[in-house]
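The values are calculated or read from the model by the stated rules, or taken from the named source; none is laboratory data. Not measured: the values here are computed from a predicted model. Methodologically, a virtual Cβ is constructed for each residue, glycine included, from the backbone with ideal geometry; neighbour enumeration extends over all protein chains shown. All accessible areas refer to the heavy atoms of the entire protein, side chains included, with ligands and DNA or RNA removed. Shrake-Rupley method; radii C 1.70, N 1.55, O 1.52, S 1.80 Å.
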Amino acid sequence: MVRAEIITIGDEILYGQILDTNTQWISLELDKIGIKTIRKSSVGDQRDEIVQIFEEAQKRADIVFITGGLGPTKDDLTKKILADFFNCPLAYHPEALADVTDFFAKRGRELSDINRDQALLPTKCTFIPNKQGTAPAMWFNEQDTIWISMPGVPFEMKAIMETEVLPRIVTHFKLPVIVHQIRKVVGIGESYLSDLIQDWELQLPAHLKLAYLPSLGIVKLRLTGFGQDKVQLHQDIDAEFEKVMPLIKGFVFGREKDELAAVVGQLLVSNQATLAVAESCTGGYLAHQFTQHSGSSTYFQGGIISYANDVKVRQLGVSKVILDTDGAVSEACVKAMAEGARKQLDTTYALATSGIAGPDGGTEEKPVGTIWIALAHPNGVITRKLTQGGTRIQNIHLSSLTAINLLRRYLLNDLAE
């Protein structure tokens with residue numbers, strides 16, 4: 001396995017002034033060609049600290065990627081440090097000088113001395129052109145390690161990687177094949193899921209590895225295969241997921257880039273059905289889960305954000321008796337909201353939410369995180385009570401997710417009312 005390390009250089013990254021997207025993008029691209037990223041580091045514009053990171057990387061990585069610190073100003077130290085690190089001088093590289101001269105000439109600008117110095121490169125490096133900017137990239141092959149230094153500007157770095165670096169790496173190294181597949185799971189927590197499938201996980205073949213990738217309300221099961229035959233690895237992974245599917249079928253809603261609301265939207269389309277929402281505590285977030293996806297107008301009719309009780313009464317037909325007796329955060333209220341939305345917007349289905357998202361508003365009887373959701377369908381209404389107790393954003397997100405999943409399971413006839 002070829003091991004890679006990625007180093008980003010710049011005080012602005014450590015200060016949080018610039019979001020480092022380079023390391024994620026590079027590691028994703030390396031994974032596609034069978035290179036394992038073993039470490040990612042960010043270091044400021046301090047010579048001693050940069051040298052220390054370089055020394056550590058040299059001991060453990062087969063290939064080191066460096067972004068940042070190649071600009072023309074005094075705080076850009078990467079070239080100078082690399083020259084010292086590899087014990088060689090800086091000298092004007094003829095191709096680099098021609099490129100930077102041409103770059104400014106095409107823009108009708110004079111080449112200044114500081115910009116001319118962009119062509120000063122360590123003499124041990126192989127010049128890699130930068131068609132998008134003035135700072136060239138550099139390739140070193142020193143002490144059994146490949147070093148690649150690139151500009152930190154993301155669009156410049158990506159262009160260099162795609163056109164120059166990745167093709168050279170594929171030629172230089174004999175690389176294995178790495179294949180990933182993901183199944184997305186909703187409605188079950190990571191620990192419960194792990195307990196459910198532990199016997200299957202323990203019998204996985206040695207060349208397949210399982211990872212749990214949890215996020216708020218959703219867990220990704222990722223199987224990674226290592227080998228030489230991409231097609232065979234995909235077949236092996238498919239076969240293993242088929243083995244475990246009887247245990248998790250009700251929780252799995254999609255693969256790789258599938259989104260829950262989009263999957264449910266396609267189920268609605270295939271059933272020639274339509275949807276409306278009535279929202280209180282989720283404040284439009286539930287509707288957004290559907291409308292953020294192209295094509296949602298095929299099935300999504302609209303929604304009523306009935307944040308105030310008066311709106312629940314006037315727009316959704318919720319009885320004042322319900323609000324006075326049971327309150328807005330109740331099964332009776334959310335049931336009436338769903339029925340009202342389905343009637344008002346003339347849809348096949350309607351989802352409704354009402355609860356206490358927090359951080360204020362909770363009581364001993366109805367603490368923060370108490371949420372009622374409802375699904376109105378042609379034959380009645382299904383309700384669920386959630387007791388979550390998270391932050392406001394977490395409660396809104398999880399309530400919406402649970403409501404969408406309730407509809408998914410109903411459409412799949414996988415729901416006991």
- Item | Sole residue being in contact with a strand residue (DSSP E or B) (Cβ under 9 Å, 6 or more places away or on another chain) and not hydroxyl-bearing (Ser, Thr, Tyr), chosen from GLN17, GLN52 | GLN52
- Selected residue (criterion: most open to solvent (accessible area, probe 1.4 Å)) from residues of the range 304-358 that are within 18 Å of VAL381 (Cα to Cα) and in contact with a Lys or Arg (Cβ under 6 Å, 6 or more places away or on another chain): VAL329
- Note on the structure: For the range 12-38, pairs from a residue that is more than 20 Å from GLU164 (Cα to Cα) to a residue that is open to solvent by 90 Å² or more (accessible area, probe 1.4 Å) and at pLDDT 95 or above, with Cβ under 7 Å and 6 or more apart or across chains, are ILE38/ARG3
- Query: Which condition number does ARG116 fail, the rest of (1) among the basic types (Lys, Arg); (2) farther than 15 Å from GLY71 by Cβ; (3) open to solvent by 20 Å² or more (accessible area, probe 1.4 Å) being met?
  - Reply: (2)
- Flag if ILE404 is of a type outside the set (Phe, Trp, Tyr) and either closer than 22 Å to ILE248 by Cβ or touching a Leu at 6+ places or on another chain (Cβ under 7 Å) (or both): yes
- Filtering the range 122-137 for residues that are crowded, with 19+ Cβ neighbours inside 10 Å and part of a loop (DSSP other than H, G, I, E, B) leaves a count of 6
- Starting from the range 260-287, take each residue that is within 13 Å of LEU375 (Cβ to Cβ) and list its partners that are part of a strand (DSSP E or B) and among the charged types (D, E, K, R), counting only C-beta distances under 9 angstrom and pairs at least six apart or across chains. LEU286/GLU279
- Query: List the pairs whose first member sits in the range 138-154 and is of a type in the set (A, V, I, L, M) and open to solvent by less than 10 Å² (accessible area, probe 1.4 Å), whose second member is modelled with pLDDT under 95 and assigned to a strand (DSSP E or B), and whose Cβ atoms are under 9 Å apart, counting only residues at least 6 apart or on separate chains?
  - Reply: none
- Within the range 147-250, strands (runs of 3 or more DSSP E) holding 2 or more residues that are out of contact with any helix residue (DSSP H, G or I) (no Cβ under 9 Å at 6 or more places or on another chain): 208-215, 218-227
- Some residue of the range 219-233 being under 30 Å from THR298 (Cβ atoms) and open to solvent by 30 Å² or more (accessible area, probe 1.4 Å): yes
- Task: Specify which of the listed residues (VAL100, VAL179) is open to solvent by less than 70 Å² (accessible area, probe 1.4 Å), of a type in the set (A, V, I, L, M) and under 30 Å from LYS249 (Cβ atoms).
- Result: VAL179
- Message: I need the full set of residues from the range 78-115 which are free of Cβ contacts under 8 Å to residues at least 40 places away in the same chain, part of a loop (DSSP other than H, G, I, E, B) and not basic (Lys, Arg), in order please.
- Response: ASN87, CYS88, PRO89, GLY108, GLU110, LEU111, SER112
- Leading residue by the ranking (modelled with the lowest pLDDT) among those in the range 373-393 that are under 29 Å from the mean Cα position of the chain (by Cα) and open to solvent by 10 Å² or more (accessible area, probe 1.4 Å): GLY389
- Task: Report whether or not ALA287 is more than 28 Å from GLU365 (Cα to Cα), among the hydrophobic types (A, V, I, L, M, F, W, C) and modelled with pLDDT of 95 or more.
- Result: yes
- Are any of the residues in the range 25-37 acidic (Asp, Glu), touching a helix residue (DSSP H, G or I) at 6+ places or on another chain (Cβ under 7 Å) and either farther than 30 Å from ARG222 by Cβ or assigned to a loop (DSSP other than H, G, I, E, B) (or both)? no
